[in-house]
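Right, one structure below, let's go through it.
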Amino acid sequence: MTMPDGPPTDRAPASHGGPLPAAADVVVIGGGIAGVTAAWHAAATGHRTVLLEKGRVAGEQSSRNWGWIRQQGRDPAELPLMVEANRLWRELPARAEANLGLHRTGTAYLIRKPADRARYKAWMPHAEAHGLDTRLLTRAETEALIRGGAGRWDGALWTASDMRAEPWVAVPALARAAVRDGVTLRESCAVRALDIAGGKVAGVVTEAGRIAAPRVILAGGAWSGLFLRAHGVTLPQLSVRATVAATEPMAEIFDGQAADDRIAFRRRADGGYTLAASGDHDLFVGPDAVRHLRAFLPQLAADPLGTTFRPAAPRDWPDGWSTPRRWAPDRESPFERMRVLDPSPNPRRLKIIARRFADAFPELGPVRFRRAWAGLIDTMPDLLPVIDRVAGLPGLVVATGLSGHGFGIGPAVGRVAADLALDRAPGHDLAAFRLSRFAAGAPTPSPAHL
Ligand SMILES: Cc1cc2nc3c(=O)[nH]c(=O)nc-3n(C[C@H](O)[C@H](O)[C@H](O)COP(=O)(O)OP(=O)(O)OC[C@H]3O[C@@H](n4cnc5c(N)ncnc54)[C@H](O)[C@@H]3O)c2cc1C
């Protein structure tokens, strides 16, 4: 069977349907990597688990990403979880009995300027502290690794044990395995609101009826802030559009994933490259962007040219000006109005991507795209996820804000979220991922990853 070469469109037929059960032990909201793996873990530990997705499994970020499974360059707070995720990914093809396009091909951060080397060198102690195989490569070693781009890079930060997978294949395959192991999964089924009774979570209200459940996990990606706000909980989450292109098959210069400050590229299973312009994204301004701008100032200051501001978020996006912030649970919610958030790619950035890749590898010839797409990346001010119980709403766990690098760490986030919801020890110190770090009066957190 040939693998698909990119994310599903919103016209993809639903694969998971049927009536809703009246009750469950755990309900998981959101069929991305976090929600799928949380639901799978909850079911595998013997709990009646329902996974609800408003559109299609992995229709949003979890199919639109580059497919990098990267330990390298992470905030040290994430490394224990990421080391676990790396181990889980290696086990997943066998557990899912599926080809996820998983390869251990390594990540290279390519050095163009002396400042790059200094930053990468400063990260090495974190790699050593967590037993990673990360190394600083010389110019000659880098040229031996990446066959092309000669003379362009002065070295690289390199982690051979990093991996890649084909996200649009992997996450749906994990969802099928979760169903095989007992998860009840429903697509085209938006959760409109939590059902609250006696100050505690008692279940969810969906567009197809209620499900009674004492435990709910919200893994709603870019929609989590909107969902929580309707319940009086503030999550300072903003989402940015990132544009991606997939080339036609080209000669192999490198089998892994690499980036410098201009271009990010990785080899795909179909012989092409997935390309993006490093660090470039568009922020469509809506009410949340105005509300949370202050919390994001350190992130914007760290990379002042990376964000292009656009005046208005499109209609029905999570932070659209006309998107309702409150709705009655018996009426259509914003989640049903946008089944699959499928932003159009930025045409100007596509030209930049083609030009930068051709500049780096002239020997490969003309760069021809077979597909292009965009995804809305949900981010937190410090680029760390929120994985926490919600104070004031007992029974609710949030696992969201994976901030542009959640595909790789996703299986560990899902496992931890499920254990938190089930009152089991999460196995990690989750202090850095607390929701309360954004409480009024708390110091503004800053990003600490590379
Ligand atoms: C262009 C791009 C490149 C990236 N590259 C990488 C990479 O190389 N490596 C990496 O590790 N990460 C990468 N990421 C980030 C990664 O894709 C995300 O962090 C990760 O997929 C987030 O997973 P999630 O499950 O939290 O959210 P999502 O995948 O967005 O899933 C959330 C789901 O919840 C559903 N939902 C929301 N609200 C409701 C509701 N009320 N009811 C029912 N369903 C609901 C949505 O429809 C959606 O399907 C990239 C992201 C993008 C967009």
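In whole angstrom, how far apart do the alpha carbon centroids of segment 118-179 and segment 387-424 sit?
26
For Phe309 and Ala439, what does the FRET efficiency come to when R0 = 25 Å and r is the distance between their Cβ atoms, rounded to the nearest 0.05?
0.40
In nm, to one decimal, how far is the Ala144 label point from the Ala212 one, both placed 7 Å along Cα→Cβ?
6.6
Taking 8 Å as the Cα distance limit and 6 or more residues as the minimum spacing, I'd like the relative contact order of segment 31-93 as a percentage.
29
In degrees from 0 to 90, rounded to the nearest 10, what is the angle of the helix 347-360 Cα long axis to the longest principal axis of the chain?
40
If packing is taken as the mean number of other Cβ atoms within 10 Å per residue, what is the order of 276-286, 122-132, highest first?
The densest-packed peptide leads the list: 276-286, 122-132.
Quick one: helix 287-302 against the long Cα principal axis of the chain, what's the angle to the nearest 10°, folded into 0 to 90?
30
Lysines within cross-link reach of Lys54: Cα-Cα under 30 Å, excluding same-chain residues under 8 positions apart?
Within reach: Lys200.
Under 8 Å for C-alpha pairs, at least 6 residues apart: give me the relative contact order for the chain, rounded to a whole percent.
This gives 23 percent for the chain.
Based on the mean of other beta carbon atoms within 10 Å per residue, what is the order of 420-427, 396-403, most packed first?
The packing order, highest mean first, is 396-403, 420-427.
Out of all DSSP beta bridges with both ends in the chain, state the antiparallel percent to the nearest 5.
65
Can you tell me which lysines have their Cα less than 24 Å from the Cα of Lys121? Leave out same-chain residues fewer than eight positions away.
Lys113
Report the charge-dipole magnitude of the chain in Debye, nearest 20, computed about the Cα centre from +1 at each Lys and Arg Cβ and -1 at each Asp and Glu Cβ.
That gives the chain a dipole magnitude of about 580 debye.
Please work out the Cα center distance from segment 288-338 to segment 37-105, rounded to the nearest Å.
So the two Cα centres are separated by 26 Å.
To the nearest 10 degrees, how steep is helix 114-129 against the longest Cα principal axis of the chain, on a 0 to 90 scale?
On a 0 to 90 degree scale, this one is about 50.
Along the Cα→Cβ direction, 7 angstrom out, place labels at Ala448 and Val290. What is the inter-label distance in nm?
Here the answer is 3.4 nm between the modelled labels.
Mind ordering 69-76, 217-224 by average Cβ neighbours within 10 Å, highest first?
So the peptides 69-76, 217-224, ranked by packing, come out 217-224, 69-76.
Arrange the following residues from fewest to most other Cβ atoms within 10 Å of their Cβ: Phe357, Phe335, Phe369.
Phe369, Phe357, Phe335
Since every read-out is calculated from the coordinates, none of them should be taken as a lab result. These numbers come from a predicted model, not from an experiment. Every residue, glycine as well, gets a Cβ built from its backbone with ideal geometry; the counts of neighbours run over all protein chains shown.
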